[in-house]
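Student: Quick one: structure below, then a few questions.
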Amino acid sequence: MAVVPEVAKHYGRLKNYINGEWVDAGTGEYFETTNPATDEVIAEAGFASRSDVENAIAAAYAAFKKWKDVPFRDRAKKVFTLREKCAEKSEWMSRILVQDHGCTIDEGRGTCARIVENVEAAGGSMFGPYRGEHVDQLATGIDCYQIREAAGVFLIITPGNIPTHAWSSFVPYALACGCTVIVKPSRQDPVAADSLMKVAAEVGLPPGAINLLHMGPDRELNKVILSDPRIKGVGLIGSTRVSKELFELCGHYGKRSSLNGNGKNWIVVTTDAPVDKAVNYLLRGCFGMSGQRCLGSDNVAILGDDRRYNEIRESFIAASKIMKLGYGLDESVELGPLTTRQGKEKVEQFIESGVRLGAKLLLDGRTARVEGYEKGYFLGPSIFENVTPDMDPLAKEEAFGPLANLLRPRDLEEAISWINAGPYGHSACIVTESGKAARKFIRECEVGNVGVNAGIPQPYSFFGLGSKKDSFFGMSKSRMDSVKLFLDEKTVTLRWV
């Protein structure tokens, strides 16, 4: 397989995008971002100032007053132009994502395909809600109908693990609904956010329709934005801690919200599941994107006797050992580095805590070394057994790295009870040949995303991303469901007789 070239060694000083122009950060302060495979600096991004924030709000609000009145069909053309631009630039964005995030090129290409799908779904979403609802002769001489209108300007906050996919889970839907946005990307991979903004800038949207602000670690500017009466709400994919903070702010200021937090996801393997298929799903679900997927799983519940358990365990370990680690631009690489050094260190601490808790470490990914990339943030797959659901944080909190915990419930009933006992309700998968078991799992698991014979229960973009309990706060889910966030309702009662 080929090693595809880098787009650039260094991307220079990244600017903010405000009112259709690239501008230097008002603070004059910059932070560095590194290539996770090499630990080399590939760009600097400036911290936005309060003045930058105020300029972005003013630009987005002025653009909203124009954009919401653009004829429906003309707005749809712009959204579908964005889709074509994203498709044209897909390979370019994929390679930048590998350099900035650490994913493999296949994962980068998959992410960019998801972006295209989201923009396509956003364009399609316009044709349903805008038709409205109408009742003729509700009473004598009275008709009543409901219309939907663009709500306003929104803050969109994207995470480091899926920086561009998260962007596409909100921004194109906001635009399709006639809203405008201020995007605050993660500091973990600002070059990826910059590349997507450059693509969107080619569409010819009104200046201020999309604004990009790189911000510092102080979340005070979130409060500044949400306290402004011109801002109608916020969309976030991130942590539960930040989601709760923003949910409180939204309640205080009366804002709309879609706030997606952490998960602690599960894969259950039943006694009748084919071993080869089960292992394939485990590799993808536990180690895909180096374990940094929102829908990835840490906890693996294996049903059956000792012979069955040992068969799954040994096959899983053997397949994990031969996964190829390396720089993701090598098309033969299956596992790239973690996105940040801090993320790697956190997972290492997670592994240490598991050992202290008495879990048995069957495969230690901390020993992984990649020749030529000794400074990269690499961890190989790690697998624990003798894990119990009360082990904290090992079995209770999201590791966000290539880690798998093997647990042994008595039966499917107990596995489901373990899943439901946790505070999160993001996702759970079952690998089975039994329709009865699958139906029970679907109906009884208190999670928002269920997979049957899948490692990643990723719904297509024209479905909302379901989450429950402490994995979600707000009034609408992301992706297609976000039209509920971006559209307001108005009822009209007419009497002409």
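Student: What's the longest uninterrupted piece of the chain once you rule out the chymotrypsin sites (Phe, Trp or Tyr not before Pro) that are loop residues per DSSP with at most 15 other Cβ within 10 Å? Could the numbers behind the result be given before it?
Tutor: Details: sites that count: PHE127, TYR460, PHE462, PHE463, TRP496.
So the longest stretch without any such site is 128-459.
Student: Report the FRET efficiency, 1/(1 + (r/R0)^6), for GLU345 and GLU371, where r is their Cβ-Cβ distance and R0 is 22 Å, rounded to 0.05. Each step should come with its number before you reach the end.
Tutor: Numbers: r = 22 Å, r/R0 = 1.00.
Efficiency computed from Cβ-Cβ geometry: 0.50.
Student: Here is a follow-up. Work out the FRET efficiency for ARG410 and THR81 from their Cβ-Cβ distance, taking R0 = 45 Å, and round it to the nearest 0.05. Write down the numbers at each step before the final one.
Tutor: Working: r = 56 Å, r/R0 = 1.24.
Result of the calculation: an efficiency of 0.20.
Student: Using the Cβ atoms and a cut-off under 15 Å, what net charge is assigned to the surroundings of SER169, where Lys and Arg are +1 and Asp and Glu are -1?
Tutor: Working: positive: ARG83, ARG114, LYS184, ARG293, LYS477, ARG479, LYS484; negative: GLU117, GLU120, ASP481.
Result for the neighbourhood of SER169: +4.
Student: Once the piece of chain linking TYR460 and SER332 is laid out straight, how much longer is it, given 0.36 nm per residue of separation minus the C-alpha distance between them? Provide the component values of the computation, followed by the final result.
Tutor: Numbers: separation 128, 0.36 × 128 = 46.08 nm, distance 2.67 nm.
Separation in residues times 0.36 nm, less the Cα-Cα distance, equals 43.4 nm.
Student: Of all beta bridges DSSP finds with both residues in the chain, what is the antiparallel percent, to the nearest 5?
Tutor: Numbers: 34 of 73 bridges.
Close to 45 percent.
Student: Between the stretch 163-183 and the stretch 325-394, what's the alpha-carbon centroid distance in Å?
Tutor: Comparing the Cα centres of the stretch 163-183 and the stretch 325-394, I get a distance of 33 Å.
Student: May I ask for the angle, rounded to the nearest 10°, between helix 435-444 and the longest principal axis of the chain, with both axes built from Cα atoms and the value confined to 0 to 90°?
Tutor: 60 degrees
Student: Between GLU6 and LEU138, what's the calculated FRET efficiency when r is the beta-carbon distance and R0 is 56 Å? Round to 0.05.
Tutor: Working: r = 63 Å, r/R0 = 1.13.
Approximately 0.30, to the nearest 0.05.
Student: Classify the stretch 269-359 as rounded, prolate or oblate, taking a ≥ b ≥ c as the square roots of the eigenvalues of its Cα gyration tensor: rounded when a/c is under 1.5, otherwise prolate if a/b is larger than b/c and oblate if not.
Tutor: Numbers: a/c = 2.22, a/b = 1.36, b/c = 1.64.
In terms of gyration-tensor shape, oblate.
Student: Quick check: the distance between the Cα centres of the stretch 93-162 and the stretch 402-463, to the nearest angstrom?
Tutor: The stretch 93-162 and the stretch 402-463 have Cα centres spaced 27 Å from each other.
Student: Would you work out if the chain is rounded, prolate or oblate? Take a ≥ b ≥ c from the square roots of the eigenvalues of the alpha-carbon gyration tensor; rounded if a/c is under 1.5, else prolate when a/b is larger than b/c, oblate otherwise.
Tutor: On the way: a/c = 2.02, a/b = 1.35, b/c = 1.50.
It is oblate, given that a/c is not under 1.5 and a/b is not larger than b/c.
Student: Straight-line reach from LYS85: which aspartates and glutamates have Cα under 12 Å away, leaving out those fewer than 8 places along the same chain?
Tutor: GLU120, GLU202
Student: What is the helix-to-structure angle for 50-67, meaning the angle in degrees between its Cα long axis and the longest Cα principal axis of the chain, kept from 0 to 90 and rounded to the nearest 10?
Tutor: On a 0 to 90 degree scale, this one is about 60.
Student: Does the stretch 56-102 come out rounded, prolate or oblate, given a ≥ b ≥ c as the square roots of the eigenvalues of its C-alpha gyration tensor, rounded meaning a/c under 1.5 and, failing that, prolate meaning a/b above b/c? Walk me through the intermediate numbers first.
Tutor: Working: a/c = 5.96, a/b = 1.71, b/c = 3.49.
It is oblate, given that a/c is not under 1.5 and a/b is not larger than b/c.
Student: To the nearest 10 degrees, how steeply does helix 72-88 sit against the main Cα axis of the chain, on a 0 to 90 scale?
Tutor: 30 degrees
Student: A 23 angstrom limit on the alpha carbon distance is what I want to check against. Which of LYS436/LYS477; LYS78/LYS223; LYS360/LYS396; LYS89/LYS321; LYS244/LYS484; LYS277/LYS469 exceed it?
Tutor: Working: LYS436/LYS477 29 Å; LYS78/LYS223 31 Å; LYS360/LYS396 17 Å; LYS89/LYS321 35 Å; LYS244/LYS484 20 Å; LYS277/LYS469 30 Å.
The answer is LYS436/LYS477; LYS78/LYS223; LYS89/LYS321; LYS277/LYS469.
None of the figures in this text is laboratory data; all of them are computed from the coordinates on show. Just so it is clear, the structure is predicted and the values come from calculations on it, not from any experiment. For neighbour counting, all protein chains shown are included, and Cβ atoms are generated from backbone atoms with ideal geometry for every residue, glycine included.
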